[in-house]
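What follows is one structure encoded as structure tokens, with my remarks underneath.
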Amino acid sequence: MANNAIPRDFLKNVLNNGVGRYVCQLQRITFRFCKSHGSSRFMRDFIENHLLDFTQKHPGVVVYLQPRRHKPPSIVAEFLNGRREAMGMSGKQPLEICKWTEHMRTRSGVEIVNLVKNLHTDNPSTQGIWHPFTFADPALAATKFPSDQQSKILVKGKTATDFVLEEFNAKKQAGNKSDVSAGNKPDH
């Protein structure tokens, strides 16, 4: 499929899902299969062995079984936004059908699109997006690099290493004074 045939859109979240509590967007899932045809044997195996576990784990999803004579097996997922998505399951193993069922359960129901941008906000900033050079000195733009002035290490106040060394030396001094007052010789 050509890249320009896939629609492009901004990143969206369904009804701010997850702000209050998570709501599963899968409303119902229908398993279509044939009771006798060979192409539906894996689907029948999935229904017999795995479907009950899925329904017990996810009671909010309505599950329908729809036998159809001599038709290939498929899954039809219906989402809260009204969208339906169908997927053929011919030749897929039961564990693969489990994975596709879980995939449908975790989908939002929104059509898959190429993203215009990786982020989107409903309230864009009037000041622009922050980047590391937002508050940089304007003279930096005209500086010829490598520059001795820009290569200096900026030290503002005591570093954590200086603070720890001072604490260590203070405790060492206090320890030596207590040893001398007790009559012990300090170790060197």
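Right, Lys92: surrounded by fewer than 14 Cβ atoms within 10 Å (Cβ to Cβ), in contact (Cβ under 8 Å) with a residue 12 or more places away in the chain and assigned to a loop (DSSP other than H, G, I, E, B) or not?
Taking the combined requirement at face value, the residue does not satisfy it.
Taking the range 31-59 as the range and being among the hydroxyl-bearing types (Ser, Thr, Tyr) and either assigned to a loop (DSSP other than H, G, I, E, B) or over 28 Å from the mean Cα position of the chain (by Cα) (or both) as the test, the residues that pass are Ser36, Ser39, Ser40. Residues that are surrounded by 10 or more Cβ atoms within 10 Å (Cβ to Cβ) and in contact with a helix residue (DSSP H, G or I) (Cβ under 6 Å, 6 or more places away or on another chain) do not occur anywhere in the range 150-168.
When the residues of the range 95-120 are filtered to those that are polar (S, T, N, Q) and over 16 Å from the mean Cα position of the chain (by Cα), the one that is surrounded by the fewest Cβ atoms within 10 Å (Cβ to Cβ) is Asn114.
Conditions tested, residue by residue: (1) at positive phi; (2) part of a loop (DSSP other than H, G, I, E, B); (3) charged (D, E, K, R).
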| site | (1), (2), (3) |
| --- | --- |
| Glu96 | no, no, yes |
| Met104 | no, no, no |
| Ile112 | no, yes, no |
| Leu119 | no, yes, no |
| Asn123 | no, yes, no |
| Phe133 | no, yes, no |
| Ala139 | no, no, no |
| Lys144 | no, yes, yes |
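Contact map, the range 47-60: residues that are more than 16 Å from Leu26 (Cα to Cα) paired with residues that are loosely packed, with under 13 Cβ neighbours inside 10 Å, Cβ distance under 7 Å, separation 6+ or inter-chain. Pairs shown: Ile47/Leu65. Restricting attention to the range 3-30 and to residues that are part of a helix (DSSP H, G or I) and touching a residue at least 24 places away in the same chain (Cβ under 8 Å), the residue that is surrounded by the most Cβ atoms within 10 Å (Cβ to Cβ) turns out to be Val14.
Across the range 60-79, the number of residues qualifying as among the charged types (D, E, K, R) and within 35 Å of the chain's Cα centre (by Cα) comes to 1.
Could you please find all residues in the range 146-163 being outside any loop (DSSP other than H, G, I, E, B) and charged (D, E, K, R)?
Step one: list which residues in the range 146-163 are outside any loop (DSSP other than H, G, I, E, B), which gives 148-151, 160-163.
Answer for the range 146-163, where residues must be outside any loop (DSSP other than H, G, I, E, B) and charged (D, E, K, R): Asp148, Asp162.
Values in this text are rule-based calculations from the coordinates and carry no lab data. Just so you know, these numbers come straight off a predicted model, no measurement behind them. Glycine gets a Cβ as well: all are built from the backbone with ideal geometry, and neighbour counts include every protein chain shown.
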